[in-house]
Every structure is written in C-alpha cells, then in structure tokens.
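Asks: Input: one structure, supplied below.
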Amino acid sequence: MTGRLSGKVAFCTASGAGIGRATAIAMAREGARVIATDIDLGALKGLREEGIAETHIIDVRNTKSVEDAAKKIGAIDILFNAAGFVHAGSVLECSEADWDFSFDLNVKSMHRTIRAFVPGMLARAAEKKSSASIVNIASGAGSVRGIPNRYVYGATKAAVIGLSKAVAADFIRRGVRCNAVCPGTVQSPSLDARIAAQAKELGKSDDEVRQMFVDRQPMGRLGTAEEIAAIVVYLASDEAAFTTGQTFLVDGGFAL
C-alpha cells in the first residue's frame, strides 16, 4: 500500500539513526511531507535522497530551539517523538545528573514538542475535519515490564506512556490523537554502542554481549527499525483514526 500519508505534514525528531531515521523514511514513502530533525547535522545526510522534504538541526532539550522550529514550520498533521537515551544501572548507579538528563531527553523533550506543535495541529485538524496524530516512542522496559539495570530509563518510559494517555484524553474530541509505541530490543547504532560499552565492562567480546541481548528476546532475534516504523506509520495514518491513548508493543514477545 502506498499513499497512506498523502497530504500530511510530519515533524520527526531523532531522525539521524535507528527507529527515528527508518520512520522518517517510511513516512516519506507513504506520501507525507516529512521534516526530519536531529541534533547532529552529519546524521541527517542522505535523507533528502530518501524523499525527505526538509532536514533541520534541532535540540529537543532546548525549549527555544523547539519553539522556533514550530513557528518556522507551521501547522503539521503528524508529530513523531523518537529522541531518547538508555541509561544503564540501578538506583545505586543513577546520579542526580543522570536522572535529570534522562528525564529531560526522554520525557521533557516530548513535552516541548507537543506544547509547541499542538496548537497548530488542533487548528489544522479542525480545518481539514480530520485527525492529527502524535506518536511517542516508549519502551517494553518501564510500566510494561521491569528490567534489571534500567532504573531511570524504565522510569522515563513509564512517564512517556502516562504523558501520551494524558494528551490523548485532553484532546480526544478536538481532533488530536496520541499513542505510544513500546519496542523491544531493536538493532540500531545506539544498541551497537551499548553492546561495545558493556563488552568492555564485562571483559567479553561484542558478539558475546550481543547474544545476551538476543537471548532475552523470546523470538530469538532482535527487532529491526523498519518493523517499528511500520506501526508508527499505521498510527499516523487515518487507518488509526479511532485509536488514541494506547500503547503498542512491538517487542517480539518481550513482555510475555
């Protein structure tokens, strides 16, 4: 199927790699006019060749950066929040700075983009007599399932689910839907970096640590960024017009 997002404008964060990049490309292939953003200019290279309409450097931890982008871009139909960081460790390894950074990037960044873009989304939805869609990346770790050594990460991702439900409830009759996607372990540059760090810490090879991640997935494999992008495209499309305030597990049975 093609053209599922035709006529829609999508603003995407963390588009430089992993789930963020795969989703921006998937939306463009379905006909959306995609504005792809990241804090790293180099990470956005090649996206225009994939059909992305615009690329911008935006720091989602900076309120002015987000507000300026919203003013420049104008009203959108789709807001996709993918920026995040995985902090490893229990409460004993979580400093005040770790806690503040994780909540700022994983949760408050979504508050910033939603607050900046929702007024325009409400107006556009009313004008077009259709629904606008916010999709937030949460995780299988958090309120879905407790994971060892994911203390503050799990707390932030549980907060993302609560935030998504609150936004859905507030605008349920005003044309803006909001849902959260909860991936399991997905192959990405971020995962590669975590594997390398953990291998060094444990004195194991990268392959041995990677296998540890694979073994905890009931399907016996890692997910792909494209598999997560597929559910995001669905939630962004009019096919999901009757769906809001929900969490969608795309986790290979991780929560079973």
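The values are calculated or read from the model by the stated rules, or taken from the named source; none is laboratory data. Bear in mind the structure is a predicted one, so any value in this text is a computation, not a measurement. Methodologically, a virtual Cβ is constructed for each residue, glycine included, from the backbone with ideal geometry; neighbour enumeration extends over all protein chains shown.
Asks: Would you mind finding the one in Ala83, Ala70 that is of a type in the set (A, V, I, L, M), touching an Asp or Glu at 6+ places or on another chain (Cβ under 9 Å) and in the same structural domain as Ile35 (by TED's automatic domain parsing)? Show your work before the answer.
Replies: Numbers: Ala70 fails: touching an Asp or Glu at 6+ places or on another chain (Cβ under 9 Å).
Criteria check complete, one pass: Ala83.
Per-residue answers, yes or no, for (1) more than 16 Å from Ser190 (Cβ to Cβ); (2) touching a residue at least 60 places away in the same chain (Cβ under 8 Å); (3) assigned to a loop (DSSP other than H, G, I, E, B); (4) not charged (D, E, K, R):
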| position | (1), (2), (3), (4) |
| --- | --- |
| Ala10 | yes, yes, no, yes |
| Thr23 | no, yes, no, yes |
| Ala26 | yes, yes, no, yes |
| Arg61 | yes, no, yes, no |
| His87 | no, yes, yes, yes |
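Asks: Sticking with this structure for a sec: What are the pairs with Cβ atoms under 7 angstrom where one residue, in segment 212-233, is among the basic types (Lys, Arg) and the other, located anywhere, is surrounded by 13 or more Cβ atoms within 10 Å (Cβ to Cβ) and not in a loop (DSSP other than H, G, I, E, B)? Sequence gap at least six, or different chains.
Replies: If the second residue must be surrounded by 13 or more Cβ atoms within 10 Å (Cβ to Cβ) and not in a loop (DSSP other than H, G, I, E, B), the pairs left are Arg221/Val214.
Asks: When you check Ser139 against the structure, is it among the hydroxyl-bearing types (Ser, Thr, Tyr), in contact with a Gly (Cβ under 9 Å, 6 or more places away or on another chain), modelled with pLDDT of 95 or more and assigned to a helix (DSSP H, G or I), yes or no?
Replies: No: the conditions fail for Ser139.
Asks: Just a yes or no: is a residue in segment 37-58 polar (S, T, N, Q) and over 19 Å from the mean Cα position of the chain (by Cα)?
Replies: The answer is no; no qualifying residue exists.
Asks: Is there a residue in segment 157-166 that is under 26 Å from Val135 (Cα atoms), at pLDDT below 95 and either out of contact with any strand residue (DSSP E or B) (no Cβ under 7 Å at 6 or more places or on another chain) or crowded, with 19+ Cβ neighbours inside 10 Å (or both)?
Replies: no
Asks: Still on this structure, I have one more. Taking the criterion of being at pLDDT 95 or above, part of a loop (DSSP other than H, G, I, E, B) and either surrounded by fewer than 13 Cβ atoms within 10 Å (Cβ to Cβ) or over 19 Å from the mean Cα position of the chain (by Cα) (or both), would at least one residue in segment 222-239 satisfy it?
Replies: The answer is no, given that none of the residues of segment 222-239 is at pLDDT 95 or above, part of a loop (DSSP other than H, G, I, E, B) and either surrounded by fewer than 13 Cβ atoms within 10 Å (Cβ to Cβ) or over 19 Å from the mean Cα position of the chain (by Cα) (or both).
Asks: In addition: Could you please find all residues in segment 171-186 being small (Gly, Ala, Ser), in contact with a helix residue (DSSP H, G or I) (Cβ under 6 Å, 6 or more places away or on another chain) and either part of a loop (DSSP other than H, G, I, E, B) or surrounded by fewer than 24 Cβ atoms within 10 Å (Cβ to Cβ) (or both)?
Replies: Hit for segment 171-186 is Gly175, nothing else.
Asks: So, Lys200, is that one more than 30 Å from Ala10 (Cα to Cα) and either loosely packed, with under 13 Cβ neighbours inside 10 Å or of a type in the set (Ser, Thr, Tyr) (or both) or not?
Replies: Spelling it out, Lys200 is indeed more than 30 Å from Ala10 (Cα to Cα) and either loosely packed, with under 13 Cβ neighbours inside 10 Å or of a type in the set (Ser, Thr, Tyr) (or both).
Residues checked against (1) within 22 Å of Phe242 (Cα to Cα); (2) outside any helix (DSSP H, G or I); (3) of a type in the set (D, E, K, R); (4) free of Cβ contacts under 8 Å to residues at least 60 places away in the same chain:
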{"site": "Ile52", "(1), (2), (3), (4)": "no, yes, no, yes"}
{"site": "Leu92", "(1), (2), (3), (4)": "no, no, no, yes"}
{"site": "Val118", "(1), (2), (3), (4)": "yes, no, no, yes"}
{"site": "Pro148", "(1), (2), (3), (4)": "no, yes, no, yes"}
